[in-house]
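Here the structure comes first, spelled out in structure tokens, and everything after it is commentary.
The values are calculated or read from the model by the stated rules, or taken from the named source; none is laboratory data. On a predicted model such as this, the values are computed, not experimentally measured, just so you know. So basically every Cβ, Gly included, is an ideal-geometry build from the backbone, and we count neighbours across all protein chains shown.
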Amino acid sequence: MKDSIQVIEQKLVGFNDTELLGVKTDDDKISVGVSFICNGIGLSSGQRDRQVKNVQEDVVLKMGSRKLSVKFDDQVREALFIELEYHSLWLAKITITPAMQTNQREVASKLVEYQSKAKDVLAAAFIYNPAQKYLSTTTERLEH
């Protein structure tokens, strides 16, 4: 984790009836708040704390994580973020067990959504690709 990295853009991004805290830093990386993901999935505070610890201790995940100072709720706070390139790997490491499917159905369902779709929603919030807009416009015209 590097201390000299600065947040240049910060957004609350709507996803699955919750909000994710996404940031873009001066090294041109897009990252998401780990606790925001955990809370959005519906993990308990103990499960969330375990995931924060996992991200900080995992040999690969810690390469893509960093603590950043961000402003939310009218306060500057330090929070753990994980780069989008590592986001899917982290979430894939959270196993959806049979017990979770039985006892925490909603959490298991949300975890699948976050594993498969959250990265794209966050990327779209920070990256403008004129070609994508053109392609979607062209596709809409062709369908009419």
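Observations on the model:
- The stretch 82-125, subset among the acidic types (D, E) and closer than 19 Å to I8 by Cβ, residue surrounded by the fewest Cβ atoms within 10 Å (Cβ to Cβ): E85
- Qualifying position, being modelled with pLDDT of 95 or more, among the β-branched types (V, I, T) and in contact with a strand residue (DSSP E or B) (Cβ under 6 Å, 6 or more places away or on another chain), among V55, V76, V59, V121: V55
The rows are residues; the columns are (1) exposed (fewer than 15 other Cβ atoms within 10 Å of the Cβ); (2) free of Cβ contacts under 8 Å to residues at least 24 places away in the same chain; (3) touching a helix residue (DSSP H, G or I) at 6+ places or on another chain (Cβ under 8 Å); (4) part of a helix (DSSP H, G or I).
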site	(1), (2), (3), (4)
E9	yes, no, yes, no
V52	no, no, yes, yes
K62	no, no, yes, yes
L80	no, no, yes, no
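- Residue match in the stretch 12-32 (condition: among the hydrophobic types (A, V, I, L, M, F, W, C), at pLDDT below 95 and over 16 Å from the mean Cα position of the chain (by Cα)): no
- For the stretch 45-61, the tally of residues that are polar (S, T, N, Q) and over 16 Å from L111 (Cβ atoms) stands at 2.
- When the stretch 103-122 is filtered for residues that are more than 11 Å from N16 (Cβ to Cβ) and within 10 Å of the chain's Cα centre (by Cα), the ones remaining, listed by number, are Q115, K119, D120, L122.
- Residue match in the stretch 19-42 (condition: closer than 18 Å to K110 by Cβ, free of Cβ contacts under 8 Å to residues at least 12 places away in the same chain and either in contact with a strand residue (DSSP E or B) (Cβ under 7 Å, 6 or more places away or on another chain) or surrounded by fewer than 18 Cβ atoms within 10 Å (Cβ to Cβ) (or both)): no
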